[in-house]
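Let me begin by presenting the structure, written as structure tokens, before commenting on it.
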Amino acid sequence: MTINRYTHIFFDLDNTLWDFRANSFAALKIAYSNFKIESQYPDYQNFFDVFTEINDLLWSDYRKKLLVKKELQRLRFSMTFDRLEINGVDPLEMDSFYLSEIPKQKNLIDGASRVLQYLKSKGYLLFIITYGFKEVQTDKLKNSGLSQYFTRIYISEDIKAPKPGREIFEYAIKSANARKTKSIMVGDDWESDIEGALNFGVDAVYFCPSANRPVPLDCDRIYNRNKVFSINALSGLYDIL
Ligand SMILES: [Mg+2]
């Protein structure tokens, strides 16, 4: 266990603190009802699963700059509609409705508020480094009650540098007046959050809640001179920080 080794903690937002999957499920359901898709395709669960699969693939292309934002927004719905043979709904209208509902959702990952309260009371400075659209990320924090814990939020779209590139970590750590050796990144995406931080020389906590997702290493290992911890619930942070 390390005591008071760190001063600055950088969190990923989606699926680390804010339950993207549950919130996307709820927001998409409102859009699905609003555009009366049920009359053409009554199985909402399957609609959600197909959309999620397509959305994840497109986001991965968007990260690699193979797509621009507008294409991502149009394609994630036009491809879902094509696959499920849904007609008469404008993909961009559906997207803008979905995007307006998403930040109103408030489901958090189990234990998020409690652990943030604890970390704040121990004097750590807390930050967010997130990948997403700037018009939704800030509102997600505000509406879900998370913003009170954070000194600042760094959004890749604002900084024009996606995770896992070193630019966003460099920018965040510099402007937070942090030191690399006193900083730690917490996130659920191995490549973006964990490798991104490690490659920049910052320790990391890999949050891997799903038992069937492969954990590439044991807890508390040295990786390229930086430490990596692995937790399967946010409450695991009490043992590390
Ligand atoms: Mg995430």
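The values are calculated or read from the model by the stated rules, or taken from the named source; none is laboratory data. Source: prediction; values computed, not measured. All Cβ positions, glycine included, derive from the backbone under ideal geometry; neighbour counts span all protein chains shown.
Of all residues in the stretch 1-14 being modelled with pLDDT of 95 or more and part of a loop (DSSP other than H, G, I, E, B), which is nearest to Y171 (Cα to Cα)?
Looking at the filtered set, the residue picked out is D12.
Tell me, which helices (runs of 4 or more DSSP H) wholly within the stretch 43-128 include 1 or more residues that are touching a Pro at 6+ places or on another chain (Cβ under 9 Å)?
The helices (runs of 4 or more DSSP H) meeting that bar are 44-63, 69-84.
Which one of the conditions (1) crowded, with 20+ Cβ neighbours inside 10 Å; (2) farther than 21 Å from I153 by Cβ; (3) not charged (D, E, K, R) does Y44 fail to meet, given that it meets all the rest?
(1)
Working carefully through the options L234, L146, find the one that is closer than 23 Å to S100 by Cα and either in contact (Cβ under 8 Å) with a residue 40 or more places away in the chain or within 16 Å of the ligand (Cβ to nearest atom) (or both).
Only one candidate qualifies: L146.
Filter the stretch 177-190 for residues that are away from the ligand (no atom under 11 Å from the Cβ) and either under 17 Å from R63 (Cβ atoms) or assigned to a loop (DSSP other than H, G, I, E, B) (or both) and give the result.
Result: N177, A178, R179.
Does at least one position in the stretch 155-172 carry a residue that is in contact (Cβ under 8 Å) with a residue 12 or more places away in the chain, within 14 Å of the ligand (Cβ to nearest atom), over 26 Å from R221 (Cβ atoms) and among the β-branched types (V, I, T)?
Scanning the stretch 155-172, I find at least one residue that is in contact (Cβ under 8 Å) with a residue 12 or more places away in the chain, within 14 Å of the ligand (Cβ to nearest atom), over 26 Å from R221 (Cβ atoms) and among the β-branched types (V, I, T), so the answer is yes.
Note down all Cβ pairs under 7 Å where the first residue falls in the stretch 189-200 and is assigned by TED's automatic domain parsing to the domain that holds D61, the second is within 11 Å of the ligand (Cβ to nearest atom) and not in a helix (DSSP H, G or I), and they're at least six residues apart or on different chains.
none
Looking at Y206 and the list (1) more than 13 Å from F10 (Cβ to Cβ); (2) modelled with pLDDT of 95 or more; (3) within 15 Å of the ligand (Cβ to nearest atom); (4) touching a Gly at 6+ places or on another chain (Cβ under 8 Å), which single condition is not satisfied?
Y206 satisfies every listed condition except (2).
Looking at the stretch 75-90, is at least one residue surrounded by 15 or more Cβ atoms within 10 Å (Cβ to Cβ), within 16 Å of the ligand (Cβ to nearest atom) and either more than 18 Å from the chain's Cα centre (by Cα) or at pLDDT 95 or above (or both)?
Taking every residue of the stretch 75-90 in turn, none turns out to be surrounded by 15 or more Cβ atoms within 10 Å (Cβ to Cβ), within 16 Å of the ligand (Cβ to nearest atom) and either more than 18 Å from the chain's Cα centre (by Cα) or at pLDDT 95 or above (or both).
Hey, any hits in the stretch 23-35 for a residue that's outside any helix (DSSP H, G or I) and surrounded by fewer than 20 Cβ atoms within 10 Å (Cβ to Cβ)?
Checked against the condition, which is being outside any helix (DSSP H, G or I) and surrounded by fewer than 20 Cβ atoms within 10 Å (Cβ to Cβ), the stretch 23-35 yields at least one hit.
Only one of A31, A22 is within 16 Å of the ligand (Cβ to nearest atom), touching a residue at least 60 places away in the same chain (Cβ under 8 Å) and not hydroxyl-bearing (S, T, Y); which?
A22
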